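The values are calculated or read from the model by the stated rules, or taken from the named source; none is laboratory data. Here the structure is a predicted model, which is why all the values come from computation and not from measurement. Don't worry about glycine lacking a Cβ; one is built from the backbone with ideal geometry, like all the others, and counts go over all protein chains shown. The area values use the complete protein model at the heavy-atom level, side chains included, leaving out ligands, DNA and RNA. Shrake-Rupley method; radii C 1.70, N 1.55, O 1.52, S 1.80 Å.
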Amino acid sequence: MRRLRLVVIGLGRLGQACGETILKAQDLQLAGFVRRPESLDKPLPAVFRGIPVAASVDVFAAIDAALVCLPAGRVGECMHNLLQHGVPVVEPGARADETPYDLREKLHGLAMRHQVRAIQNAGWDPGALGMFHALFALLIPKGSTEVTGRPGISLHHTLTASAVEGVRGALCTERQAADGKTQRYVYVELAPGAERERVAAAIRSEPLFLDEETLVFPVESIAALEEEGAGVVLRRQGSAGGAGHQLLLLEARFDGPSLAAQVMVAAVRALPYMRPGAYLLSDVPLSLLRPGHE
Ligand SMILES: NC(=O)c1ccc[n+]([C@@H]2O[C@H](COP(=O)([O-])OP(=O)(O)OC[C@H]3O[C@@H](n4cnc5c(N)ncnc54)[C@H](OP(=O)(O)O)[C@@H]3O)[C@@H](O)[C@H]2O)c1
């Protein structure tokens, strides 16, 4: 199997997550990093010891794609230069003053002229989260979607839930639903052998929790959850055909750069199967983004 040779441009949080993801993938090879001149002498994180670093992508031979991990204002120009030099590009949806559609419009002709491919918005948000939005709207065509960011921030301990049999620890937060009603989200770490449905029912039937709708989410570690800052709840409710009161819920906690890096790498794997041109992540068939597709 020929491995795809990749260059990561910009070694910040996302660049590092991309580099680590590439190193762990058997079908990918990390050719090197492109860094600003002032960063060239900075020591590399230990995991990248021995990986070449240069000020320009030209130094690297036979590159299959570049992953652009730069601040928003630097992305458009960088992509333009890469495409002009025939280097396929993936970027995570970072730009300052133009919409992704404007940038795609601008880059598409260039990509066609140089017979090369680019995928934009290949991150988590923007990126994969938008695909969840689209899928939720497809499944519940009439309704409203609500996104709440960073639920981890307002979590507090709840003795009521922690005292329920089978619960090792519990954290709780309250939020407003689209209809104005308050909902309670309870995150529980289960004791070994505890049944999640039984625990959830016991928590919901606690007198203190009867006043508001209570949703119970089992998690691996309450301590880890407390430390996490990034998270999102995507909720869509409405009707699908003749059926009312449909509800879809995505509750996500994650490290942003790590998730975005997974999407960038998936886009890299899809690149060779696309026709030359510039695309948004949402233009790429899901079948091409899945690992191991042929
Ligand atoms: N869609 C998503 O889900 C998602 C997720 C995470 C990040 N992003 C986007 O990806 C981009 C990178 O994010 P990040 O968190 O990795 O940012 P970061 O930690 O600030 O890293 C950016 C890197 O770009 C390089 N750079 C080049 N020109 C620069 C300049 N003029 N000023 C500062 N740095 C410059 C630097 O690397 P060197 O020192 O090596 O040159 C810097 O470490 C951002 O635009 C962010 O919005 C998107």
If I model a spin label as a point 7 Å beyond the Cα along the Cα-Cβ vector, how far apart are those points for residue 159 and residue 252 in nm? 3.7
What are the extents of the Cα atoms of the range 199-284 along their three principal axes, in Å, largest first? 61, 43, 17
Explain nothing, just the number: dipole magnitude of the range 3-77 about its Cα centre with +1 on each Lys and Arg Cβ and -1 on each Asp and Glu Cβ, in debye rounded to the nearest 20. 180
Here the gain from full extension of residue 198 to residue 146, 0.36 nm per residue of separation minus their alpha-carbon distance, amounts to 15.9 nm
Ordering 217, 33 by the accessible surface of their heavy atoms, 1.4 Å probe, largest first, yields 217, 33
Within the range 196-271: Cβ-based charge dipole about Cα centre, in debye rounded to nearest 20 (Lys, Arg +1; Asp, Glu -1): 460
Two decimals is fine: what's Rg over Rh for the range 89-137, C-alpha atoms, Kirkwood radius as Rh? 1.04
If you average the C-alpha positions of the range 267-284 and of the range 31-92 separately, how far apart do those two centres end up, in angstrom? 19
For residue 255, enumerate residues with amide H under 5 Å from its amide H, sequence gap 5+ or separate chain, H modeled in the peptide plane. none
How much net charge surrounds residue 248 when only the other residues with a Cβ under 14 Å from the Cβ of residue 248 are counted, with Lys and Arg +1 and Asp and Glu -1? +1
Rounded to the nearest 0.05, what FRET efficiency do residue 39 and residue 174 give with R0 = 30 Å and r taken as the Cβ-Cβ distance? Could you check? 0.10
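Looking at the range 10-113, which trypsin sites (Lys or Arg not before Pro) are DSSP coil and have at most 14 other C-beta atoms within 10 Å of their C-beta?
49
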Just the number, please: percent antiparallel of the DSSP beta bridges in the chain, rounded to the nearest 5. 50
Where labels lie 7 Å past Cα in the beta-carbon direction, separation of residue 108 and residue 191 in nm: 6.0
Between residue 275 and residue 101, what is the spin-label point distance in nm, taking each point 7 Å from the Cα along the Cα→C-beta axis? 2.1
Based on the mean of other Cβ atoms within 10 Å per residue, sort peptides 125-131, 51-57 so the most packed one is first. 125-131, 51-57
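Could you tally the net charge around residue 238, taking each other residue with its Cβ under 15 Å from the Cβ of residue 238, Lys/Arg +1 and Asp/Glu -1?
Residues close to residue 238 contribute a combined charge of +1.
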How long is the gain from residue 24 to residue 134 if the chain were fully straight, where each residue apart is worth 0.36 nm and the alpha carbon distance is subtracted? 36.6 nm
Taking the Cα centre of the range 1-132 as the origin and placing charges on Cβ (Lys, Arg +1; Asp, Glu -1), which of 82, 16, 52 is farthest toward the positive end of the dipole? 52
In debye to the nearest 20, the charge dipole size for the chain, taken about the Cα centre with +1 at each Lys and Arg Cβ and -1 at each Asp and Glu Cβ, equals 960
Could you run the Debye sum over the Cα atoms of the range 124-212, one equal point scatterer each and no solvent, and tell me log10 of I(q)/I(0) at q = 0.11, 0.16 Å⁻¹, two decimals? -0.44, -0.82
How much area per residue is accessible in the chain when the probe is 1.4 Å and only protein heavy atoms are counted (Å²)? 52
Residue-averaged 222 nm ellipticity for the chain, from DSSP H runs of 4+ at -39500 (n - 2.57), nearest 500: -8500 deg cm²/dmol
So what is log10(I(q)/I(0)) for the chain at q = 0.07, 0.12, 0.13, 0.14 1/Å, when the Debye sum runs over its Cα atoms only? -0.35, -0.88, -0.96, -1.04
Calculated Rg and Dmax of the range 146-294 using C-alpha coordinates, Å: 19.4, 61
Local net charge near residue 174, Cβ-Cβ under 9 Å (Lys/Arg +1, Asp/Glu -1): +1
